[in-house]
Amino acid sequence: MKKLLCVLLTTLLLLSLLIPFAGAQGAENVAPDGETVIELEDYYDQYGKENDNASEGKLLYTTWGSGTIEEIKLEIIINVEREGYYSTEYSASSRNGNEYLSLVQFAVDGAGIGDNNAKGTPIADGYMNDSDFIVYRYGGAPVYLTPGEHTLQATVGVTKDSRIKFAMDYVKFIPNQAQVVGGEKVILEFEDYADKFVTENENASGGKLVYTSWGTGVPTYTISIPVNVLSSGYYNSEFAVAKHPDKVGTSDVILKIDDTEIGSNKHTSPGEDISNSNTYVNETWPMHRYQGKTVFLEAGMHVLKAEVGTTGDGVVKFAADYIAVMPSAGFNVSASGARFEFEDFDEKYVTENENASNGKLLATSWGKDETYQVEFPVNLQENGFYRVKYSMAQHPNNIGVSDVQMLIDGAAIGDNAPGSGEDISMDKTYFNDILPMYVYSTEHYFDKGSHVVTLDVKTTGNNVVKFAADYISFEKNMTDKAVVGDGTVEVIANFDKAVSGTAIAALYRGKQLVGVAQKPVSDESTVMVDVKSNEAPETAKMFIWEDMQNIVPLAVSKLITNIENAPINIFLLGDSVCVQYAESEFPQQGWGYYMQEQFESGANVSNRAVGGTSTKTYQTLGYWEKAIAQIEEGDFVLINFGLNDFYNISETGKGTTIEQYKENLTMYCNEIFKKNATPVLVTPLPECKTSSVPALKERGEAMKEVGASIGVTVIDMNTALVEQWLTDSTGTVTEAQCTKAFEQYYLSEAAFLRLEKEYGKTVSDAKWEYIKNTPDRTHINIDGATFFAETLCGFLKETDLRIADYLK
């Protein structure tokens, strides 16, 4: 037995000599507060050397070694008491370009925290007896540690001929307690978390920044900052980095929270130059302060990152000072309302503009993004109807200008299509003369609580972006009213404080009760009850009872005398005689431009007409898909095609045969029916030339056939205008009458001269040149457009469609 024990002991001793650097002796406790320093020499003594300058007076060190050792690895068990992020620091000799110096790497549970592959901060002379062999202090990467055991690893790799030259002193763990985002702004200094490029600078926040003016061999570099968020919510950010001057050799700096990008130094807008007369980097490379994107953060641990990547030639040139995180303020919408600036929630296209709300807006005149989106939350403190207004540049229906939609909770509430909105440009410059600024207004009901506002930009063609957006505002409508819909009356009453119980709404014509309904309500300040009724009431009343058994009144009954029609949307689909033209095109205009003024305030007209389209190309070019996506139950859609359908009838042309024309119109109407909306067909505007009158009359007749076959109202504008404009007293279309109409309603020299004088405006040289070379007998001027719109609405008023109730 004794011989056997001796053999075993001898074997173990030999094995220990053959494995010179291995093992994990016990467990090192990582304290929840303060620093925990792990002395590497305590876990292996073969290379342990006394040194007065080393931590605890000793370090692991060898100046020269040889043999068959391929790798040296030390593993130390650490016992973590508190979960969270920990900063790390370690001490090792720098490689310093010495080909015989070994690569020393440190890791926790296999995840690297740093190495000796670059210079850190020299600790003191006298660590080594070799002047080129200096021991440095490094700031390692932060690590997230859960309670329990983890493994700290120190690895030495041999660089050449199995020779070893290295030094290691200690590894330090520091709990990150200061990086807590609570109810106030927290400033985090990049240099506190960087393991290289830290430099003193008296003008920088904290007196230091991370900076290199020139470097090679560093294709990427990341600074990670752990943040403990105490409460879930939306947070703003602010950061100071050097402005990207868009030249080769200068690095991109991208800021992220977890994997969400919040900003960068590649800005269209340069941010706020905070250099002034101070020197942060150099005169040609100033420091800028930027507002980052607002993000939602769940309570718990997150990582802020500054990711540096080279732009060319493998060189690095960058500077980063600090990042600040603070809870977002001002998201609440009270009964008095609130306004939100788009530029506060994104930084990509922010530009200064003295005419914009708050002096800034989001704008780009040319870009290459296919989509662009800004999203932020709003918290409505009360439920009810809100008047929502937003300001943005209007879509002028030309390729290269973006479609912009406003969405709340993913549902579109409006866009920048022409035909609606108030032009607020006047003599002010918001964007440029081509893209004026408009304010749009719409009313919607929202429940109290959190909602998400989205500004969604999509390109219309060629992958280019041209848009501008200023702000969105919410204002609660506190008016008690009864809103008359199709067979339903919605009674709305606002109370001084939230009520619960049973709400009863009653409708009256005189003293006669024409409808009543009830519903339970719970903690609501705005109460809505739908009452089935085919009669529009003269008055309404709202009662709130504790319950229907006790009949205990909880609120004073409200008498409602404000009777309104329910809001409706009216979409216009058509070609160039319907579209809205810019002021620079005076006096040319489309009839759709004048439709909004024909209606009371409850109707919103959205002009989706596109010049040059037919029933075929409106669909093949993608305009129909966008339009039908916006159409909802109760909307009206006026369809006016034909001028381009009877030209260029071929497989590749825009024109259509009569049968194709009828099939396309039928498809449009059936798709609108599926949305529980109402299509209305409008026959084509006649050209003022005798040759085309029969062809367009044929299109009008085909449209009437479609209407009769599927039950769609048809407004025969073609027949009406041929009779009023082009026909003499005998009922015959004549050249003389066509010329008379041309000089009055179309694009003629006579019309231009007359309208210049009447409106006190000057027709552009380009417009004069256009009609002198090609007198235009197809497109109409402002007189023709007004006449068409007024005549069309006169016919609509004679129908039994609900749209007639909204006409003035």
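Things worth noting here:
- Every condition in (1) out of contact with any His (no Cβ under 9 Å at 6 or more places or on another chain); (2) under 30 Å from Ser764 (Cα atoms) holds for Leu747 except the one numbered (1).
- Leu152 at pLDDT 85 or above and in contact with a helix residue (DSSP H, G or I) (Cβ under 7 Å, 6 or more places away or on another chain): no
- Among residues of the range 599-628, those that are touching a residue at least 24 places away in the same chain (Cβ under 8 Å) and either in a loop (DSSP other than H, G, I, E, B) or farther than 12 Å from Tyr668 by Cβ (or both), counted: 19
- Of all the numbered requirements in (1) farther than 18 Å from Tyr623 by Cα; (2) at pLDDT below 85; (3) surrounded by fewer than 19 Cβ atoms within 10 Å (Cβ to Cβ), Ile399 misses one, and that requirement is (1).
- Residue in the range 562-580 that is assigned by TED's automatic domain parsing to the domain that holds Lys626, within 17 Å of Pro436 (Cβ to Cβ) and not in a helix (DSSP H, G or I) present: yes
- Being acidic (Asp, Glu), surrounded by fewer than 18 Cβ atoms within 10 Å (Cβ to Cβ) and either modelled with pLDDT of 90 or more or out of contact with any Leu (no Cβ under 7 Å at 6 or more places or on another chain) (or both) is a description that applies to Glu538.
- For the range 207-239, the candidate set comprises residues that are part of a strand (DSSP E or B) and at pLDDT below 75; within that set, the residue that is farthest from Met326 (Cα to Cα) is Thr216.
- Identity of the residue in the range 328-356, surrounded by 19 or more Cβ atoms within 10 Å (Cβ to Cβ) and more than 17 Å from the chain's Cα centre (by Cα), that ends up farthest from Ala469 (Cα to Cα): Val333
- Selection of first residues in the range 534-557 that are under 15 Å from Val514 (Cβ atoms) and of second residues that are at pLDDT below 90 and surrounded by fewer than 11 Cβ atoms within 10 Å (Cβ to Cβ), restricted to Cβ pairs under 8 Å at least 6 apart or on distinct chains, gives the following pairs, ordered by first then second residue: Asn534/Gly487.
- Residues satisfying the stated conditions in the range 245-273, i.e. at pLDDT below 75, in a loop (DSSP other than H, G, I, E, B) and over 22 Å from the mean Cα position of the chain (by Cα): Pro245, Asp246, Lys247, Val248, Gly249, Thr250
- Thr666 on the phi < 0 side of the Ramachandran plot, surrounded by 20 or more Cβ atoms within 10 Å (Cβ to Cβ), of a type in the set (Ser, Thr, Tyr) and under 47 Å from the mean Cα position of the chain (by Cα): no
- Residue match in the range 419-440 (condition: in a loop (DSSP other than H, G, I, E, B) and modelled with pLDDT of 85 or more): yes
- Any hit, the range 274-291, residues being at pLDDT 80 or above and surrounded by fewer than 20 Cβ atoms within 10 Å (Cβ to Cβ): yes
- Filter result for the condition that a residue is at pLDDT 95 or above and surrounded by 23 or more Cβ atoms within 10 Å (Cβ to Cβ), over Phe673, Phe641: Phe641
- Ser584 falls short on exactly one of the conditions (1) part of a loop (DSSP other than H, G, I, E, B); (2) at pLDDT below 85; (3) within 18 Å of Tyr438 (Cα to Cα), and that condition is (1).
- Any hit, the range 458-466, residues being within 25 Å of Val605 (Cβ to Cβ) and either assigned to a strand (DSSP E or B) or at pLDDT 85 or above (or both): yes
- Residues in the range 514-533 that are closer than 22 Å to Phe446 by Cα, among the β-branched types (Val, Ile, Thr) and free of Cβ contacts under 8 Å to residues at least 60 places away in the same chain: 4 in all.
The values are calculated or read from the model by the stated rules, or taken from the named source; none is laboratory data. All figures in this text were calculated on a predicted structure; none of them were measured in a lab. As a convention, Cβ positions derive from the backbone with ideal geometry for all residues, glycine included, and neighbour counts pool all protein chains shown.
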